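Right, one structure below, let's go through it.
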Amino acid sequence: MTIRNLVLVRSGNGTGSTADLERERLAAARAGLVVHQAEALNCETPPGDLGEDLTPTVRFYRRSHFPIPVLDPAAWRLGVGGMVHRPLSLSLPELIRLPAETLAVTLECAGNGRALQRPPAPGVQWGPGAVGTAEWTGPRLADVLARAGIRPGACEVIFGGADQGQAADGSPRSIRFERSLPVRDALESGALLAYAMNGQPLPVRHGYPLRLVVPGWYAVASVKWLTDIRVVAEPFDGFFQAVHYVYDWDRGGHGAPEPVREMQVRALITRPGAGQELPAGGVIVRGVAWSGAAPVARVEVSVAGGPWHKARLVGAPAAHGWQQWEFLASGLGPGEVTVRARATDLAGRIQPDRPEWNRLGYGTNFIHEVRVLAR
């Protein structure tokens, strides 16, 4: 059965009922995920489970700001309006009938690694595992916008999700999750309107019936439970665009907050694991690396505080997914040994030892290190 038929079967069965939070939490724990928050389920993947080309759906990290919305897929529609010539209202079957693409895309939470920032930043205290790569299937956003016809003078495209709740600033108002893209990025980023993940219907926890997937951008741009797309003439100043998910630098009051955009360059060690006991001598260090600005150019590894050595990049570079790498480390131990890895992309960006501090802890691409015990 094709992906399209699988999604339609799911739609016909009415999947998307109220999420059982305890069941979801237990399922995440059984899958080996590290649960940080249970009410709006937020959990990350241990680095050891991130070494393959694709992350299994059951072990893909989960980030939600509000409870999972209850949607009736039979009644659900995607609205496309605002500054367009032909407003659209598309059902899931109509979207599935459009020409589709399948792309392997790495998605990373903008707060990934926040737990390392000092002084600490508010928010979920993510380790390094709020990232994953999956195959996403759906029509190109640019094609759907072309069907609607963007009118002259349009500035941005706003994407609205069905999830909503109280704003994180403590105010009593209820808000929904919305983010925007400049028109040029909406048309040229390769973004998909995804209804499938890793060859199966998109799970409810990852945005069923439809989510946006924006290659190269932090996952906040990839709005889940998508219900409407609005083309507007002015920059969007919604909560998750102008207040939250912004770089608020400590630069003596100079400069306005900047919305997070492309993922920072980053390398992650997936093998060996932290605290692992190894025979003294040599070990193969493996991992993945990615960047939102350009493909990864090189990965370097340092052992026991020694010089940086170039690792071997494994396989062809993915257009939108991460790059696997490996390095034969020698001269380990005996005793505790620290292994570090950093990446550089083709745009010349180098993963820093200590990223610039920002108030909300976004884009903290610290050099990843693990400590092992050589015997």
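The values are calculated or read from the model by the stated rules, or taken from the named source; none is laboratory data. Computed from a prediction, not measured in an experiment: that's the story for all the values here. A quick note on method: Cβ atoms are made from the backbone with ideal geometry, for glycine too, and the neighbour counts reach across all protein chains shown. Just the protein is used for accessible areas: all its heavy atoms, side chains included, with ligands, DNA and RNA removed. Shrake-Rupley method; radii C 1.70, N 1.55, O 1.52, S 1.80 Å.
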Of all the accessible heavy-atom surface of the stretch 287-375, with the other protein chains kept in place and a 1.4 Å probe, what percent is carbon and sulfur? 52 percent
Would you kindly state how much longer the chain becomes between Arg375 and Glu94 on full extension, computed as 0.36 nm times their sequence separation minus their alpha carbon distance, in nm to one decimal? 95.1 nm
How much space per residue, in cubic angstrom, does the convex hull of the C-alpha atoms of the stretch 211-324 take up? 195 Å³
Once R0 is set to 41 Å, what does the formula 1/(1 + (r/R0)^6) return for the Cβ-Cβ distance between His85 and Glu22, expressed as a FRET efficiency to the nearest 0.05? 0.30
Considering only Val105, Val80, Ile158, whose Cα is most displaced toward the positive end of the charge dipole of the stretch 61-160, charges sitting on Cβ of Lys, Arg (+1) and Asp, Glu (-1)? Ile158
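Note down the magnitude of the dipole of the chain about its Cα centre, charges +1 on Lys and Arg C-beta and -1 on Asp and Glu C-beta and zero elsewhere, to the nearest 20 debye. Show your work: numbers first, answer last.
Details: 39 positive and 35 negative charges, 63 e Å.
Charge dipole of the chain: 300 debye, to the nearest 20.
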What is the stretch 309-359 by shape, rounded, prolate or oblate, if you read a ≥ b ≥ c off the alpha carbon gyration tensor as root eigenvalues and call it rounded for a/c under 1.5, prolate for a/b larger than b/c, and oblate otherwise? oblate
May I ask you to derive the relative contact order of the stretch 187-335, considering only C-alpha pairs under 8 Å and at least 6 residues apart, and to give it as an integer percent? 16 percent
Pop out the Kirkwood hydrodynamic radius of the stretch 177-255 from its pairwise C-alpha distances, inverse of mean 1/r, in Å to one decimal. 14.1 Å
Whole-number accessible area per residue in Å² for the stretch 7-161, which is evaluated in the context of all protein chains at 1.4 Å: 41 Å²
So if R0 is 41 Å, what FRET efficiency would Glu336 and Leu54 give, r being the distance between their Cβ atoms, rounded to the nearest 0.05? 0.80
Considering the options Val370, Ala319, Ala186, tell which one lies farthest towards the positive end of the dipole of the chain, charges being +1 on Lys and Arg and -1 on Asp and Glu at the Cβ, about the Cα centre. Ala319
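Ratio of Rg to Rh for the stretch 71-193, alpha carbon only, Kirkwood?
With Rh from the inverse mean 1/r over Cα pairs, Rg/Rh is 1.02.
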Pairwise label distance in nanometres, Thr102 with Glu234, each label 7 Å out on the Cα-Cβ vector: 4.4 nm
Candidates for Rg and Dmax of the Cα atoms in Å are (1) 21.1, 70; (2) 19.6, 63; (3) 21.5, 65, and the calculated one carries label (1)
